Structure formats: structure tokens, C-alpha cells
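Here is the structure we will look at, set down as C-alpha cells.
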Amino acid sequence: INEGELYIARVGTNIVGVQLLVPPIPKSFVDLDSYFNLINSKMVTGYRMVVHPEFRSMGVGRKLAVDAPKLAGYEIIETRSALYHYIPIPEHWGYTNADKYFDDIYWKDRPANMKLEQYIIENGFDPNLFVDDDYCLDFIRRADRKKLSQLIMEDRIEQGRSVLLYYFSIMAECGYPYDGNVDTLIEKFKSKIWLPNDDEDLVKGLKNHKQVRYGAFFRKLK
């Protein structure tokens with residue numbers, strides 16, 4: 001996933017846990033600005049962690065959450081999960097709650113998100129059911145394809161802008177503020193967002209539209 005790095009925890013010959021780390025900025029975007037390269041060199045995102053049930057509460061999760069990023073050479077790790085919104089597990093690993101950035105930045109000022117949501121509902125569909133491909137395809141067949149493509153692209157741009165500002169906030173908190181013009185950088189980022197055309201891309205856009213409320217955390221490892 002996005003050129004991720006997989007780390008495996010073993011006890012003897014038993015695989016007891018895995019941690020998937022991914023770069024915050026997709027590799028296809030890093031050439032837009034040197035700050036994107038700085039983010040990826042300093043910070044990594046804990047995308048998914050799984051610990052075998054028989055080895056839980058034994059420190060395996062902490063090893064994967066703290067030691068794996070250190071072994072990979074990163075200074076900052078950020079992680080977010082719908083589970084963490086209800087149970088702040090990363091606090092046990094020494095992480096700092098980043099909800100103040102995620103909620104205030106990521107969910108603030110999202111008109112494109114609301115426009116797409118309204119368009120879906122106006123056509124008699126439920127955005128919460130866009131986990132099923134057939135349901136998405138049924139909506140695509142009934143929708144104005146050109147308008148839907150434009151709305152999904154605007155939603156993608158908005159999502160991307162929000163998550164970039166979230167990463168910028170964590171980097172600044174850890175001593176690496178961006179000293180350029182944020183709006184100019186965001187415009188560069190927008191130039192890489194594509195207009196979805198085929199059914200597969202439209203389905204992906206609909207699935208990504210309805211996002212869960214995450215709990216967000218970060219930790220400086222050095």
C-alpha cells in the first residue's frame with residue numbers, strides 16, 4: 001500500500017505481530033516540493049498493526065509501535081484509527097493525542113464533502129452503504145457521470161489538502177515547520193489530483209468519500 005514497509009514481530013519462530021508503515025506523502029507527489037521529501041524522511045504513518053490474540057498484553061504492540069519506526073530510521077510516527085477514537089491505545093505507547101489537529105484541521109471547512117454528500121442523498125442513495133461495489137455502480141449508472149466525476153475530484157482535493165495541513169501541524173510540533181507559502185504548495189498538490197473517468201475509479205471515490213471519525217496520535221522517537 002503506497003510503497004509501505006512491513007515489520008514482523010517474532011517470538012522464537014512464531015510470528016506474533018505485524019506493523020505496516022507507509023510514507024505520509026505518496027511517492028508520486030514528493031517531487032512537487034522539498035518539504036514533502038522532508039516529511040517522508042522524518043515521519044512515517046502506522047497504517048495497520050495486528051498482534052496475535054495469544055500474545056496481547058505482553059508488549060508486542062509497543063515494540064511494533066515504537067521500535068519498528070526507530071529501526072526504519074524515522075524520527076516521528078503518526079497513527080490514526082477509528083478504534084483509537086474510542087479507546088486511546090497509543091497513549092500506552094507514549095504517543096501524544098493529535099485529535100486537536102485532526103478534528104480542527106481535517107474536518108474543518110469541507111464544502112466539497114458536503115456537496116457530494118448532498119448529491120448522493122438527492123438521488124435517493126445512502127452514502128453509508130457505499131461499501132458495496134454493486135451499490136456504488138447502481139448509483140453511478142443513475143447519476144450524471146460528468147457531474148459525479150467533478151464532485152469526486154473536488155472531494156479528493158479537499159481531503160488531500162486537509163491531511164496535508166494535518167501533517168504540517170505534526171511536523172511543526174516536532175520542530176520542522178513549513179516556512180513557505182502553504183496555499184502555493186496546496187495548488188501544486190492539486191495539480192496531481194485526477195478526474196475519475198472509469199467505473200473502478202468512480203467506485204473508489206465513492207467509497208473514500210464517507211470517512212470514519214478517527215482518533216489520531218503522534219510520537220517523536222528521538
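Testing Ala65 on (1) open to solvent by less than 50 Å² (accessible area, probe 1.4 Å); (2) free of Cβ contacts under 8 Å to residues at least 40 places away in the same chain, one condition comes back false. Which one is that?
(2)
State whether one or more residues within the stretch 126-147 are over 23 Å from the mean Cα position of the chain (by Cα) and among the β-branched types (Val, Ile, Thr).
Scanning the stretch 126-147 turns up at least one residue that is over 23 Å from the mean Cα position of the chain (by Cα) and among the β-branched types (Val, Ile, Thr).
Of these, Tyr7, Tyr74, which one is assigned to a loop (DSSP other than H, G, I, E, B) and open to solvent by 20 Å² or more (accessible area, probe 1.4 Å)?
The match here is Tyr74.
For residues that are open to solvent by 10 Å² or more (accessible area, probe 1.4 Å) and of a type outside the set (Ser, Thr, Tyr), scanning just the stretch 161-173, find the one that is nearest to the chain's Cα centre (by Cα).
Val163
Out of (1) at pLDDT 90 or above; (2) touching a strand residue (DSSP E or B) at 6+ places or on another chain (Cβ under 7 Å); (3) closer than 14 Å to Gln211 by Cα, what's the single condition that is false for Pro90?
For Pro90, the exception is condition (3).
Run down Arg145, Arg156 and say which single residue is open to solvent by 80 Å² or more (accessible area, probe 1.4 Å) and not hydroxyl-bearing (Ser, Thr, Tyr).
Result of the check over Arg145, Arg156: Arg145.
All but one of (1) at pLDDT 95 or above; (2) open to solvent by 60 Å² or more (accessible area, probe 1.4 Å); (3) of a type outside the set (S, T, N, Q); (4) under 14 Å from Lys204 (Cβ atoms) hold for Leu137; which doesn't?
If we test Leu137 against (1) at pLDDT 95 or above; (2) open to solvent by 60 Å² or more (accessible area, probe 1.4 Å); (3) of a type outside the set (S, T, N, Q); (4) under 14 Å from Lys204 (Cβ atoms), just (2) comes out false.
Quickly run through the stretch 93-103 and pick out the residues that are open to solvent by less than 40 Å² (accessible area, probe 1.4 Å) and modelled with pLDDT under 90.
As a first pass, look at the stretch 93-103 and keep what is open to solvent by less than 40 Å² (accessible area, probe 1.4 Å): 93, 95, 98-99, 101-102.
Matches in the stretch 93-103: Asp99, Tyr101, Phe102.
Here is a list: Tyr35, Tyr84, Tyr47. Which entry is surrounded by 14 or more Cβ atoms within 10 Å (Cβ to Cβ), assigned to a helix (DSSP H, G or I) and under 17 Å from the mean Cα position of the chain (by Cα)?
After applying the criteria, what remains is Tyr84.
The values are calculated or read from the model by the stated rules, or taken from the named source; none is laboratory data. Keep in mind it's a predicted model, so treat the numbers as computed, not measured. With ideal geometry, Cβ positions are generated from the backbone for all residues, glycine too; neighbour counts draw on all protein chains shown. The area values use the complete protein model at the heavy-atom level, side chains included, leaving out ligands, DNA and RNA. Shrake-Rupley method; radii C 1.70, N 1.55, O 1.52, S 1.80 Å.
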